[in-house]
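Q: Dumping the structure here so I can ask a few things about it.
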Amino acid sequence: MRRALALAASPGVPTGPNPRVGCVLLDDRGRTLAEGWHRGAGSPHAEVDALRQAGDTARGATAVVTLEPCDHTGRTGPCSRALVEADVRRVVYAQRDPNPVAAGGAATLRDAGVEVEGGLLEDEARAVNREWTFAMDHGRPFVTWKFATTLDGRSAAADGTSRWVSSRAARLDTHRLRALCDTMLVGTNTIDVDDPLLTVRGADDQPLIPQPLRAVMGLRDLPDAKRVFDDSAETVRLRTRDPLVALKELFALDRQHVFLEGGPTLAAAFWKAGLVDEVVTYLAPMLLGAGRNAVGDLGIGTIAGAAHLAVTDVTVLDPHEPGDDTNVRITLEPKETT
């Protein structure tokens, strides 16, 4: 199973909209017959990839797969039927499929006389598809809130200027994280004031392909000339101020990981709604003393009511250019309250 998990996480495999899945076929002595993995939407699923390589040797084999074999027909056929038709004797999977559209493969296999076991290294399998699993479990995308701040918690100076709070190394790192998401989300005020392009670019400042969806949330009308409406990436308007409604709309568009880069008001709205699942902040070694806060009013009036987060990673980003500041990236998760 650990080998199947490694296959699922093969470099270059997208994290959505389909789950990353690996499969290893074993003979009755535990020797590997074939390996397969899913390479993205529209490509053969991991089980089919392995079965094609194994050919007739798959008869009587054990399939070890990181996710319960699917039981529906989409761009490809159901893996449960492919395993039955290949006369596989036994299937061992890690994670039950949380997608109600695709679930049911284990039952189909058992009905066909295949021995089935589930739950082996399930936590590890869920971690391989963290955002996809979250989205399937919750019916909304996983939300990563990103912001850059000075040591005294300012995201912009008193005159409104914000370029550059973060260093070039931090900005490049932000683009790397953007590329791991399928949606960039901001509010209408950010578009109106800052006019960002909201694309993912590499170290050479060239756009990467494919680009995440650009989502603009809010009721305000915006000029067509704003850069977010150009043809460098797809853009969708979410005509609501309700964070949960916005996320439900994105989930309906098959989006599973939102990178929230809006201003302090939008960030506060998502936080107060309990819809921030991860926080990534870039801390710059500078002081402003006044200016825009990184987040708006959270309705917290006493230290006893402070929102607490658990630090999951701290990374020092060394300067890429002479004279640039050393920034620190801190990744955190909201602590569950009891």
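Q: Taking only C-alpha pairs under 8 Å that are 6+ residues apart, what is the relative contact order of the chain in percent? Each step should come with its number before you reach the end.
A: Numbers: 731 pairs, mean separation 51.4, N = 338.
About 15 percent, as a whole number.
Q: Treating only the Cβ atoms of Lys and Arg (+1) and Asp and Glu (-1) as charged, compute the dipole magnitude of the chain about its Cα centre; round to the nearest 20 debye. It would help to have the intermediate numbers written out before the result.
A: Numbers: 38 positive and 47 negative charges, 31 e Å.
My answer is approximately 140 debye.
Q: How many percent of the accessible area of region 34-88 is carbon or sulfur, using a 1.4 Å probe?
A: Carbon and sulfur atoms account for 45 percent of the accessible area of region 34-88.
Q: Something else about it: Near the amide H of Leu213, under 5 Å away, which other amide H atoms are found, from residues 5 or more places off or on another chain, if H is placed in the peptide plane?
A: When sequence neighbours closer than 5 places are left aside, the close amide H contacts are Thr183, Met184.
Q: Run the dipole for region 198-338 about the Cα centre, Lys and Arg Cβ at +1, Asp and Glu Cβ at -1, nothing else charged, and hand back the magnitude in debye, nearest 20. List each step's numbers first, then the result.
A: Working: 14 positive and 21 negative charges, 133 e Å.
That gives region 198-338 a dipole magnitude of about 640 debye.
Q: Specify the residue with the greatest mean-square fluctuation among Gly40, Gly323, Gly22, computed from a Gaussian network of the chain linking alpha-carbon atoms under 10 Å apart.
A: Sorting by GNM fluctuation, first place goes to Gly323.
Q: Turning to a different aspect of this structure: Distance from the Cα centre of region 1-62 to that of region 90-109, in angstrom?
A: Spelled out, the Cα-based centre of one part sits 15 Å from the other.
Q: Say we join alpha carbon atoms closer than 10 Å with springs in a Gaussian network model of the chain; which of Leu275, Leu208, Leu266 then has the biggest fluctuation?
A: Leu208
Q: Relative contact order (percent) for region 202-265, with alpha-carbon contacts under 8 angstrom and 6 or more residues of separation?
A: Details: 42 pairs, mean separation 18.9, N = 64.
Once normalised by length, the contact order is 30 percent.
Q: Say the dipole of the chain comes from +1 at the beta carbon of Lys and Arg and -1 at that of Asp and Glu; which of Leu317, Leu253, Met286 then lies farthest toward its positive end?
A: It is Leu253, whose Cα lies furthest towards the positive end.
Q: Please work out which option in [x] 45, 27, 18; [y] 43, 20, 20; [z] 28, 26, 21 gives semi-axes √(5λ) of the Cα gyration tensor in Å calculated from these coordinates, and answer with its label.
A: [y]
Q: Taking every eigenvalue of the Cα gyration tensor of region 183-321, multiplying by 5 and rooting it, what semi-axes result, largest first, whole Å?
A: Numbers: eigenvalues 129, 92, 52 Å².
Whole-Å semi-axes of the equivalent ellipsoid: 25, 21, 16.
Q: Then there is this: Expressed as a fraction of 2.2 N^0.38 Å, the rule-of-thumb size for a compact globular protein of N residues, what is the C-alpha radius of gyration of region 1-47?
A: Numbers: Rg = 11.1 Å, N = 47, 2.2 N^0.38 = 9.5 Å.
Scaled against compact globular proteins, the figure is 1.17.
Q: Given a Förster distance of 45 angstrom, what is the FRET efficiency for Thr265 paired with Leu120, based on the Cβ-Cβ distance and rounded to 0.05?
A: 0.45
Q: State, to one decimal in nm, how far the label point of Lys335 lies from the label point of Arg89, with both points 7 Å from Cα in the Cβ direction.
A: 5.2 nm
Q: Work out from phi, with θ = phi - 60° and the Karplus expression 6.51 cos²θ - 1.76 cosθ + 1.60, the ³J(HN,Hα) of each residue of region 84-94, listed in order in whole Hz, and give x for Gly and Pro.
A: 5, 5, 7, 6, 5, 7, 9, 10, 10, 10, 8
Q: Ordered by residue, what ³J(HN,Hα) values in Hz, to whole numbers, does region 218-226 give under the Karplus form 6.51 cos²θ - 1.76 cosθ + 1.60, where θ = phi - 60° and Gly and Pro are x?
A: Values per residue, Gly and Pro as x: x, 9, 5, 6, 10, x, 4, 6, 4 Hz.
Q: Kindly sort Ser43, Ser80 by accessible area of their heavy atoms, largest first, with the probe set to 1.4 Å. Mind showing how you got there, number by number?
A: Values: Ser43 25, Ser80 0 Å².
The ordering from most to least exposed comes out as Ser43, Ser80.
Q: Find the relative contact order for region 237-338 and round it to a whole percent, using C-alpha pairs within less than 8 Å whose residues are 6+ positions apart. Could the numbers behind the result be given before it?
A: Numbers: 109 pairs, mean separation 29.0, N = 102.
Normalised by residue count, the contact order of region 237-338 is 28 percent.
Q: Still on this structure, please answer the following. How about Lys146: which aspartates and glutamates have a C-alpha closer than 15 Å to its C-alpha, ignoring those fewer than 8 places off in the same chain?
A: Of all the aspartates and glutamates, those that pass the test against Lys146 - Cα under 15 Å, at least 8 places apart if same chain - are Asp173, Asp182, Glu261, Asp277, Glu278, Asp313, Glu333.
Q: Select from Ile303, Ile209, Ile191 the residue whose mean-square fluctuation is largest in a Gaussian network model of the chain (Cα-Cα springs shorter than 10 Å).
A: Largest GNM mean-square fluctuation: Ile303.
Q: Hey, what does the equivalent ellipsoid look like for region 15-90, semi-axes from the Cα gyration tensor as sqrt of 5 times each eigenvalue, largest first, whole Å? Write out the running numbers ahead of the final one.
A: Working: eigenvalues 83, 31, 19 Å².
Values for region 15-90, descending: 20, 13, 10 Å.
Q: Please give the residues of region 134-149, grouped as numeric ranges, whose backbone N is less than 19 Å from a label point set 7 Å along the Cα-to-Cβ vector of Asp313.
A: Counting only backbone N, you get 134-135, 142-149.
Q: Residues of the chain: accessible area per residue at 1.4 Å, in Å²? Don't skip to the end; give the middle numbers.
A: Numbers: 16580 Å² over 338 residues.
Value returned for the chain: 49 Å² of accessible area per residue.
Q: Take every DSSP beta bridge with both residues inside the chain and express the antiparallel ones as a percent of the total, to the nearest 5. Walk me through the numbers on the way to the answer.
A: Values: 25 of 57 bridges.
Expressed as a percentage, antiparallel bridges in the chain total about 45.
Q: Tell me, what is a quarter of the convex hull surface for the C-alpha atoms of region 62-108, in nm² with one decimal? Can you show the working numbers first?
A: Details: hull surface 12.2 nm².
Hull-based average projected area comes out at 3.1 nm².
Q: Compare the Cα positions of Ala170, Gly40, Val91 along the charge dipole of the chain (+1 at Cβ of Lys, Arg; -1 at Cβ of Asp, Glu; about the Cα centre) and return the one farthest towards the positive end.
A: Farthest towards the positive pole: Val91.
Q: Need one value: the accessible area of Phe147 in square angstrom, 1.4 angstrom probe, rounded to the nearest 10.
A: Rounded to the nearest 10, the figure is 40 Å².
Q: Taking the DSSP beta bridges in region 1-130 as the whole, what percent of them are antiparallel, to the nearest 5?
A: In region 1-130, DSSP labels about 50 percent of beta bridges as antiparallel.
Q: Further, regarding this structure: Nearest 500 deg cm²/dmol is fine: what mean residue ellipticity at 222 nm does the chain get from its DSSP H runs of n ≥ 4 alone, each adding -39,500 (n - 2.57), divided by its residue count? Don't jump to the answer; show the numbers that get you there.
A: Numbers: 10 runs with 83 residues, N = 338.
For the chain, the value works out to -6500 deg cm²/dmol.
The values are calculated or read from the model by the stated rules, or taken from the named source; none is laboratory data. Remember, predicted model here, so these are calculated numbers, not experimental data. Glycine also receives a Cβ, built like all others from the backbone with ideal geometry; neighbour counts cover every protein chain displayed. Please note that ligands, DNA and RNA were not included when accessible areas were found on the heavy atoms of the full protein model with its side chains. Shrake-Rupley method; radii C 1.70, N 1.55, O 1.52, S 1.80 Å.
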